[in-house]
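Right, one structure below, let's go through it.
Computed from the coordinates by the stated procedures, all read-outs in this text should not be read as laboratory data. Keep in mind that this is a model prediction, so the values were computed, not measured. Cβ placement follows ideal geometry from the backbone for every residue including glycine, while neighbour counts extend to all protein chains displayed.
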Amino acid sequence: MKYAMLIYTDQAAESSRTAEEQQAIMVGYHGFTTEVREKDLYKAGEALHPTTSATTVRVRDGRTVTTDGPFAETKEQLGGFYILDCKDLDEAIEYAAKIPGAAHGSVEVRPIVIW
Amino acid sequence: MPPAIDEVFHNESGRILASLIRLSGSFDLAEEALQDAFTQACQTWPEQGTPLNPAAWLLTTARRRLIDAVRRQRTRTDNAAALTHDILLRQESESPDMPTVLQDDRLRLIFTCCHPALNRDAQVALTLRTLGGLTTSEIARSFLVPEPTLAQRIVRAKNKIRDARIPYEVPTRDRLPERLASVQTVIYLIFNEGYASTSASSLVRGDLCGEALRLGRVLCELLPEDTENRGLLALMLLQDSRRNSRTGPNGELVTLEDQDRTLWNQTAIREALVLLPLSGGPYSLQALIAATHARAASPAQTDWRRIAALYQELLQQIPTAVVALNHAVAIAMAEGYEQGLELIDRIPELESYHLYHAARADLLRRLERPADAAAAYRRALTLVTNPIEREYLSRRLRQLAP
């Protein structure tokens, strides 16, 4: 069963981190990615540029309307994701808790639809 | 449903459903199959007589229905992947030792229904529906919520179990304590919902206490080594033993001190005392406190020192203001009203809690400071919401005035 692990963190807080702090988090992500790859759970995983680089697209009455930035102002923003193949929700929760972002932000675990 | 079948349904449906869910991997298919089996029982039992082992008959019948349903679904969708649970294979590998198999399944079911990924309301509704065999409308009435709301809650929970694949199994040892705590919370919540109610619908809600006791017994039976399971059951039994003495002939509140102790249910008390662990977590400690009251033949014979010591221990485990208040009251009874009052005054965070002022008022009354006691009762009356408690506090206030 595939689960998307959507990592939400506070971007503003991230920009005020020291280089060492940032480095420690990167090491954490590297370790996590290595672990889930070795256990053959890893399907995909990407980090996203900050929401300041985002463009929101809507099509209304056949016209494409673009907006600068994300569609909603929230305290935490989607900063990256993993797609992991887990046995069940318990295993998914176990790995979600190991994602470094879970320690300061939050990780939303969403099962992926099988068509 | 004829009464005999109704009784079987109430006692056995949880067990049977638990097995059917394991066999089919689907709450919905299992419920449908069970419903079909009961419908068939209603038709055949009155004529042919109740089978020797009604539960086994129902399980066999429901299982047959389940196989039919799975076959139908297979030909309709042609998507074998969607049917990961091959019921036919499972049936063959099934242990012939039925009772053990059924018990294991009920434990799985409890843990799945109380999975922390479901919200508390959903856990409660699903537990009562599947393990308790209560209908949606019974649960809705018990919790005073509209039936469609409750039905929606159950549907959403079942969908999440299926879509997010919440496992149908007993948690591993490392996850067990946290998961067991969730199960215990749900059971105690069901009990309190029934116990706290004294409204017009008290008859229905009283059933919730019975249901919680039944679930508590199941939990003890399945995981007897956990002392908190026994503590929880003992606590519920002891509280329930006072059910008939808690209110007077006109529905008025009767406090522990004024209760007619001959009305206490001694059978329940004996069962609780046997279960009682000597120490343990919060449920065990609260049960030990309740047991100390249960053992006292009269209020004057209450071992308040022991109760104060137990509250002290509880306070270390759950350092909340409400536990501190109970501890202060026990100290007042054990060592002196002044000492108790002093402790109570050190819990300012309960300023907006009516029982805080009620406890102060009670001690001030005992200290023969009627003006201060009256002020505290009045403060409590501005905060109380339950009409029966309000009536009690008003009565106390009236008694102070000469």
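Give a quick list of GluC sites (Glu not before Pro) in segment B:324-385 that DSSP marks as loop, anything other than H, G, I, E or B, with at most 12 other Cβ atoms within 10 Å. When the GluC sites (Glu not before Pro) of segment B:324-385 are filtered for loop state and at most 12 Cβ neighbours within 10 Å, B:E351, B:E368 remain. For the pair A:I114 and B:E47, a Förster radius of 60 Å applied to the C-beta separation gives a FRET efficiency near 0.85, rounded to the nearest 0.05.
With θ taken as phi - 60° and the Karplus curve 6.51 cos²θ - 1.76 cosθ + 1.60 applied, the whole-hertz 3J(HN,Hα) list for segment A:36-52 is 6, 5, 4, 7, 6, 9, 6, 10, 6, x, 9, 9, 10, 5, x, 4, 4 Hz, x standing for glycine and proline. Note on the protein assembly as shown: dipole from Cβ charges, positive end direction compared against B:Y377, B:G248, B:H354; the farthest Cα belongs to B:G248. The simple spin-label model puts a point 7 Å past each Cα toward its Cβ; for B:A151 and B:Q312 those points are separated by 5.6 nm. Relative to the longest principal axis of the Cα atoms of chain B, the long axis of helix B:176-196 lies at roughly 60 degrees. Classify the protein assembly as shown from the C-alpha gyration tensor, please: rounded if a/c falls under 1.5, else prolate or oblate depending on whether a/b exceeds b/c. Oblate shape, in that a/c is at least 1.5 and b/c is the bigger or equal ratio. Helix B:227-240 against the longest principal axis of chain B: what's the angle in degrees, Cα atoms only, rounded to the nearest 10? Compared with the principal axis, the helix lies near 60 degrees.
Rounded to the nearest 20 debye, the dipole magnitude of chain A is 420 debye, with +1 charges on Lys and Arg beta carbons, -1 on Asp and Glu beta carbons, and the Cα centre as origin. Farthest towards the positive end of the charge dipole of the protein assembly as shown, among the residues B:I5, B:L364, B:I307, is the Cα of B:I5, using unit charges on the Cβ of Lys, Arg, Asp and Glu.
Between A:I93, A:Q23, A:F81, the Cα set farthest toward the positive side of the dipole of chain A (charges on each charged residue's Cβ, about the Cα centre) is that of A:F81.
Quarter the surface of the alpha carbon convex hull of segment B:301-344 and you get the mean projected area, 2.6 square nanometres. Principal-axis analysis of the Cα atoms of chain B puts helix B:3-24 at an angle of about 70° to the longest axis.
Can you pull the percent of Cα pairs in segment B:224-272 with separation above 13 Å? Value for segment B:224-272: 58 percent of Cα pairs lie more than 13 Å apart.
Would you mind classifying chain B by shape? Square roots of the alpha carbon gyration tensor eigenvalues, ordered a ≥ b ≥ c; an a/c under 1.5 is rounded, otherwise it is prolate if a/b is larger than b/c and oblate if not. Prolate.
Charging the Cβ of each Asp and Glu at -1 and of each Lys and Arg at +1, and nothing else, the dipole of the protein assembly as shown about its Cα centre rounds to 840 debye. Shown in residue order for segment B:136-142 are the 3J(HN,Hα) couplings computed by the Karplus curve 6.51 cos²θ - 1.76 cosθ + 1.60 at θ = phi - 60°: 4, 6, 5, 5, 4, 5, 5 Hz (x for Gly and Pro). Under the simplified labelling scheme, the B:L383-A:D85 pair shows an inter-label distance of 5.8 nm, with each label point 7 Å from Cα along Cα→Cβ. A Cβ-based charge dipole, computed about the Cα centre of chain B with Lys and Arg at +1 and Asp and Glu at -1, lands at about 480 debye.
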